[in-house]
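To start, the structure under review is shown below, and the notes come after it.
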Amino acid sequence: MTISFAGHASIPSSPSIKEAVKEQIYCLLDSQHMICYLGGYGDFDRVCAQACRELKQERADIELVYVTPYMNLREQKKLTKLQHCDHYDAIIYPPIESTPPKFAISKRNEWMVTNADVIIAYVEHNFGGAYRSLQIAKRRKKKIINIYDLLRGC
């Protein structure tokens, strides 16, 4: 099973969000190997990476994969640091090399959603990149778990 994440760059600082993400991942875990595609650009990405790393300490069958939107020098320095810190099991660059840098994160997000079985999201309004990622997931009939709705009681 492959999980991807989609959420706003700015979210409320609340431990309940990370705990809800962990709970949803844990509910999805079964005896099979799980891959978590992770970004690295914003609050929700950071919360999801922390939640995944904590779960990986309990379950060796979780693979953490950082999906980079760029292959420029600045990003390569970031990737070197990430590899040195052992935060991820793998780093991949999806086939988006012909995408202009301005659209690279959106294309990377689209690739992540397209190649995942389940999307765990934190989307509270109907605009922005996270919302667009959710729309792609809906069109592709992906299972979507919106943490915002869960915490709000919907």
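The values are calculated or read from the model by the stated rules, or taken from the named source; none is laboratory data. Fair warning: this is a prediction, and the values are worked out from it, not measured in the lab. So basically every Cβ, Gly included, is an ideal-geometry build from the backbone, and we count neighbours across all protein chains shown. Quick note on the areas: whole protein, heavy atoms, side chains included, nothing else; ligands and nucleic acids left out. Shrake-Rupley method; radii C 1.70, N 1.55, O 1.52, S 1.80 Å.
Would you mind counting up the charge near Tyr26? Only other residues with Cβ under 11 Å from its Cβ, with Lys and Arg at +1 and Asp and Glu at -1.
Around Tyr26, the charge tally is -3.
Using the Cα atoms of the chain to build a convex hull, what is its mean projected area in square nanometres?
That works out to 9.1 nm², a quarter of the Cα hull's surface.
Express in nm, to one decimal, how much length is gained between Lys142 and Arg74 on full extension, taking 0.36 nm for each residue of separation and deducting their alpha carbon distance.
21.2 nm
Could the peptides 89-102, 116-129, 42-55 be put in order, highest first, of the mean number of other beta-carbon atoms found within 10 Å of their residues?
42-55, 116-129, 89-102
Once neighbouring chains are kept in place and the probe is 1.4 Å, which whole percent of the accessible area of the chain is contributed by carbon and sulfur?
Answer for the chain: carbon and sulfur cover 50 percent of the accessible area.
Give the Kirkwood hydrodynamic radius (Å, one decimal) of segment 75-118, defined as one over the mean of 1/r across all pairs of different Cα atoms.
Here the Kirkwood hydrodynamic radius works out to 11.9 Å.
I need the calculated FRET efficiency for the pair Arg152 and Cys85, taking r as the beta carbon distance and R₀ as 30 Å, to the nearest 0.05.
Efficiency, from the Cβ-Cβ distance: 0.30.
Among rounded, prolate and oblate, which fits segment 1-66 when a ≥ b ≥ c are the square roots of the eigenvalues of its C-alpha gyration tensor, a/c under 1.5 means rounded, and a/b larger than b/c means prolate?
Verdict is prolate for segment 1-66.
Please compute one quarter of the surface area of the Cα convex hull for segment 46-115 and express it in square nanometres.
Average projection, Cα convex hull of segment 46-115: 5.2 nm².
Per DSSP H run of n ≥ 4, the term is -39500 (n - 2.57); total these for the chain, divide by its residue number, and report the mean residue ellipticity at 222 nm rounded to 500 deg cm²/dmol.
The helix contribution divided over the chain gives -14500 deg cm²/dmol.
Per residue, how much accessible area does segment 80-154 have with a 1.4 Å probe, in Å²?
Here the residues of segment 80-154 average 62 Å² of exposed surface.
What is the spread of the Cα atoms of segment 63-154 along each of their three principal axes, largest first, in whole Å?
If we take the Cα atoms of segment 63-154, the spans are 42, 29, 21 Å.
Quick one: accessible surface of Thr80, probe radius 1.4 Å, all protein chains present, in square angstrom to the nearest 10.
Answer for Thr80: close to 90 Å² accessible.
Enter the Cα centre distance for the pair segment 13-71 and segment 124-154, rounded to the nearest angstrom.
Using only Cα atoms to place each centre, the spacing works out to 17 Å.
Using a 1.4 Å probe, how large is the accessible area of Ser133, given in Å² and rounded to the nearest 10?
10 Å²
Where Lys and Arg each count +1 and Asp and Glu each count -1, what net charge lies around Leu64 among other residues with Cβ under 14 Å from its Cβ?
-2
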